[in-house]
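Have a look at the structure below, then the notes.
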Amino acid sequence: MQVYSKEYYKIMLVNKAAYGQSYSLYEGGYRVKEVVIIGGGASGLVAAIVAARRGAKVCLLERLSRVGKKILVTGNGRCNITNTQLKANCYHTSSEVYPIMGPIERFGYEETKTFFEELGIAFLVEGQKVYPCSEQATSVLDVLRMEAERLQVEILTDVKVTDLFYKKDGWQIVGEQGQTYASKKVIVATGGMANASLGCDGTGYNLLKRLGHQITPTFPILVHMLSSSPYCKMMMGTKVKADVKIEVEGKVMREDYGEVLFTEDGLSGPPIFQLSRIASRAKLEKQSAKVVIDLFKDISYDEMISLLYERIARHPERSIEELFIGLLHKRIIVPVLKAATIVQIGRPCENLEYDEIARIATTLKGFTFPVEGTRGYKYAQVTAGGVKIDEVDLSTMGSLKAKDLYITGEVLDVDGDCGGYNLQWAWSTGFIAGESVSRNGVKA
């Protein structure tokens, strides 16, 4: 008769009472899975599926009551699965020398397309962005869940992991309620800190730091920018299409075009999200930053001057404020004139002096907003910073600090632009880790 240790019976009773689950055994009397994945987001689900397809017995631990909640909010609920142009300059890391595109090159657009098509997802391409044809993020999560279920991946929810350590011949994973799991190999796919209500609460950083990994400073990105400008509140709720630049310490760092939304405390919209990484980092490094909005990107400053004179000549009797009706959104007219220090805007526009017209043109071509950073992690889509990428073998996603430990997704110090780049990083790193930990994988 097999004799089990007291520790085995204790672990078995705790977990059986909590989950009613059965586990396989290995030497030493522990009840184990071959692979335990901590985190049931995009990266964790793909890793579980790939490992299970290759013969591994997989257990996935999720902190929330269901897996994949963050997937549901991507692409405004449509799920921007990937991007047809996965370029290196769309990814960012604090590492200056370590190549980060290996996982993307190994499992890129075509591989991702094949993976999801086999699960039943047809691709809808809009420009470079890729969505499911259903335009529902729920479709993506549903097919991932169904595949995991088909492969008999054991998914345990409401499990917050508080400790992770290597003992004897395997890993011990400890939950908040005292439940313990044993595993030969572990994948940490916990995500970052962006929007804790969707599962990301920084748990992975703490676990991995205790195992010897360095954590580079983190900050929220793909998020609303904060500005002290009074004009934001005046234009609150207004959207304009414009060219947007961000300057740090007087230097233009990046430029983007799209729809800008003015809010009570700052600016939002796709180009703002795209530039928010720079604003957030500037705040972290205590540098001054500002956003400069060009409301007429297709015409030059001199052409703007000529356009204003033409409008004045056409309707000299109109007030200065009325001069801009039909040219600007009504809620933007007064803020623009105030920013250009134009007084008595009810007077006839024919009374405008040249220097006043020049100031208006300057404002229309460069409406400036000081930036005091961004909203916090609660409102962010992604976390920048994280586990130092130099400490991970990107060909396997294996830790260089601990045996049989793999790290994937947002918890790593790699982040992408808006447009499906971050989900692609999750899919790619999850796929590689799933291969590496599986029974028949090249590194198993």
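The values are calculated or read from the model by the stated rules, or taken from the named source; none is laboratory data. As the structure is a computational prediction, the values presented were derived from the model and not from experiment. Glycine gets a Cβ as well: all are built from the backbone with ideal geometry, and neighbour counts include every protein chain shown.
Test of understanding: among K443, K401, which residue is touching a helix residue (DSSP H, G or I) at 6+ places or on another chain (Cβ under 7 Å) and at pLDDT below 95?
Going through K443, K401 in turn, just one is touching a helix residue (DSSP H, G or I) at 6+ places or on another chain (Cβ under 7 Å) and at pLDDT below 95: K443.
Scan the strands (runs of 3 or more DSSP E) fully inside segment 174-250 and keep the ones with 3 or more residues being of a type in the set (S, T, N, Q) and not assigned by TED's automatic domain parsing to the domain that holds I49.
In segment 174-250, there are no strands (runs of 3 or more DSSP E) which contain 3 or more residues that are of a type in the set (S, T, N, Q) and not assigned by TED's automatic domain parsing to the domain that holds I49.
Within the set of pairs 6+ apart or on separate chains, which have a first residue in segment 182-210 that is without any contact (Cβ under 8 Å) to a residue 60 or more places away in the chain and within 17 Å of K167 (Cα to Cα), a second that is hydroxyl-bearing (S, T, Y) and in a strand (DSSP E or B), and C-beta atoms under 8 Å apart?
Listed pairs, sorted by first residue: none to list.
Can you pull out the residues in segment 16-32 that are outside any loop (DSSP other than H, G, I, E, B) and either closer than 28 Å to S197 by Cβ or modelled with pLDDT under 50 (or both)?
Matches in segment 16-32: K16, A17, A18, Y19, S24, L25.
Out of the residues in segment 132-143 that are under 26 Å from V153 (Cα atoms) and in contact with a strand residue (DSSP E or B) (Cβ under 7 Å, 6 or more places away or on another chain), which is surrounded by the fewest Cβ atoms within 10 Å (Cβ to Cβ)?
S139
I'd like to verify a number: residues in segment 134-173 that are of a type outside the set (A, V, I, L, M) and either part of a strand (DSSP E or B) or without any contact (Cβ under 8 Å) to a residue 24 or more places away in the chain (or both), how many?
Of the residues in segment 134-173, 13 are of a type outside the set (A, V, I, L, M) and either part of a strand (DSSP E or B) or without any contact (Cβ under 8 Å) to a residue 24 or more places away in the chain (or both).
For K129, are the conditions met, namely being within 27 Å of R277 (Cα to Cα) and touching a strand residue (DSSP E or B) at 6+ places or on another chain (Cβ under 8 Å)?
Yes.
Would it be correct to say that V130 is without any contact (Cβ under 8 Å) to a residue 40 or more places away in the chain, under 16 Å from W427 (Cβ atoms), assigned by TED's automatic domain parsing to the domain that holds G419 and β-branched (V, I, T)?
no
Does segment 123-133 contain any residue that is hydrophobic (A, V, I, L, M, F, W, C) and part of a loop (DSSP other than H, G, I, E, B)?
Looking through segment 123-133, at least one residue is hydrophobic (A, V, I, L, M, F, W, C) and part of a loop (DSSP other than H, G, I, E, B).
Restricting attention to segment 79-95, which residues are under 13 Å from Y109 (Cβ atoms) and not in a loop (DSSP other than H, G, I, E, B)?
Of everything in segment 79-95, those that are under 13 Å from Y109 (Cβ atoms) and not in a loop (DSSP other than H, G, I, E, B) turn out to be T82, N83, C90.
Going through segment 74-90 one residue at a time, which ones are more than 15 Å from A426 (Cα to Cα) and not small (G, A, S)?
Selection gives N76, R78, T84, Q85, K87, N89.
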